[in-house]
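See below for the structure under consideration.
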Amino acid sequence: MTSLTGKKIIVVGGSSGIGFGVAAAVLEHGAEVVIVGRSEDKLKAAEKRFGTGRVTGIAADMAKEADIARLFDAVGAFDHLVATAGTPPPNDPIGQTDMDFVRRFVDSKLIGAVMLAKHAVRKLNKGGSMIFTSSINKDRPPVPGGSVVSAVAGSFSYFARALALELAPTRVNIVSPGWVDTEMWDEIVGEAKSGYFNEMGGCIPAGRIARPADIAPAYLYLMQNEFMTGETVHIDGGQRLV
Ligand SMILES: NC(=O)c1ccc[n+]([C@@H]2O[C@H](COP(=O)([O-])OP(=O)(O)OC[C@H]3O[C@@H](n4cnc5c(N)ncnc54)[C@H](OP(=O)(O)O)[C@@H]3O)[C@@H](O)[C@H]2O)c1
């Protein structure tokens, strides 16, 4: 396992949720972190919460290639890219699909990942890695309304396998979380969140819904283990089993 002390790590989505948890974990391991999101206010609030000079926030929208190119030019050489950014997925039954919403979702989540990889390779140090985030929706699709998010989440495993071959020895991996208690759920279900979490938490082997700090070690492992590449790591408290 390699040390993260002094490494520079970009976390796209680091101002909230899973990404915030990853940024907190790599800071504990002595890394320097660049957190990326669209909202300057959220980035500033996150920088304040971290309370260390080793975090820099840079505003960029991963659906915009010019933003991504500018991001990597501004950061310069770095060691690991982590992408957790995402917005609530489309969830209408297929016959009522809003195609503009679907296109915006695919543009930021999947095309955004392709653009991150395209520009990251210009600046990634030898021995570095890229980690993208898919989800349990590929294994346990919501019904109805889960077809788009399931297709997008599933595609990440194949994206990583092909890219790991193309970019070797740079490593490319995926983390696939189950449900995690983040701000995204407040946006999707609001006050109904605790009801959903109690019900699902009671069903899954881990006995509760994950917090971001439960998921961050999967990203740490993929950064630090030089023999992991082209893989999808599932971290879901056994949710895929029920
Ligand atoms: N929470 C779960 O249960 C769960 C489970 C499995 C997988 N996931 C996946 O994990 C990802 C993160 O989820 P989360 O729960 O951590 O969400 P979250 O708490 O809402 O955080 C999302 C982060 O991504 C950033 N972001 C969103 N769109 C962006 C864009 N176009 N460009 C740059 N940054 C962007 C947000 O900042 P701005 O709003 O300022 O841009 C924020 O920092 C999502 O893709 C989700 O599908 C989540």
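The values are calculated or read from the model by the stated rules, or taken from the named source; none is laboratory data. Model, not experiment: these values are computed from the prediction. A quick note on method: Cβ atoms are made from the backbone with ideal geometry, for glycine too, and the neighbour counts reach across all protein chains shown. To get the accessible areas, we keep the full protein, side chains included, count just its heavy atoms, and leave off ligands, DNA and RNA. Shrake-Rupley method; radii C 1.70, N 1.55, O 1.52, S 1.80 Å.
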**Request:** Can you tell me which residue within region 51-72, out of those that are small (Gly, Ala, Ser) and in a helix (DSSP H, G or I), is most open to solvent (accessible area, probe 1.4 Å)?
**Result:** ALA66
**Asked** Would you call GLU65 among the acidic types (Asp, Glu) and in contact with a helix residue (DSSP H, G or I) (Cβ under 6 Å, 6 or more places away or on another chain)?
**Response** yes
**Request:** Determine which single condition LYS48 fails, assuming it passes every other condition in (1) open to solvent by 50 Å² or more (accessible area, probe 1.4 Å); (2) part of a loop (DSSP other than H, G, I, E, B).
**Result:** (2)
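Look through region 201-237, keep the residues that are among the β-branched types (Val, Ile, Thr) and more than 17 Å from ARG171 (Cα to Cα), and return whichever of them is most open to solvent (accessible area, probe 1.4 Å).
Selected residue: ILE235.
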**Asked** Among the residues of region 114-122, is there at least one that is within 12 Å of the ligand (Cβ to nearest atom) and surrounded by 15 or more Cβ atoms within 10 Å (Cβ to Cβ)?
**Response** yes
**Fill in**
When VAL75 is run through (1) open to solvent by less than 20 Å² (accessible area, probe 1.4 Å); (2) within 8 Å of the ligand (Cβ to nearest atom), the failure sits at (2)
**Message:** I'm told LEU110 meets every condition in (1) farther than 20 Å from ILE18 by Cβ; (2) open to solvent by 20 Å² or more (accessible area, probe 1.4 Å); (3) of a type in the set (A, V, I, L, M, F, W, C) except one. Can you identify the failing condition by its number?
**Reply:** (1)
**Complete:** Listed by first then second residue, the pairs whose first member lies in region 212-235 and is under 19 Å from LYS8 (Cα atoms) and among the aliphatic types (A, V, I, L, M), whose partner is within 11 Å of the ligand (Cβ to nearest atom) and part of a helix (DSSP H, G or I), with beta carbons under 6 Å and at least 6 positions apart or on separate chains, are ALA216/GLY21; ALA216/VAL22
**Prompt:** Which residues, counting only those in region 124-151, are closer than 16 Å to VAL12 by Cβ and open to solvent by less than 20 Å² (accessible area, probe 1.4 Å)?
**Reply:** GLY128, SER129, MET130, ILE131, PHE132, THR133, SER134
**Item:** Enumerated helices (runs of 4 or more DSSP H) restricted to region 137-242, each holding at least 3 residues that are at pLDDT 95 or above and of a type in the set (Val, Ile, Thr)
**Value:** 147-167
**Request:** Identify all residues within region 78-113 that are within 16 Å of the ligand (Cβ to nearest atom) and not in a helix (DSSP H, G or I); write none if there are none.
**Result:** LEU81, VAL82, ALA83, THR84, ALA85, GLY86, THR87, PRO88, PRO89, PRO90, ASN91
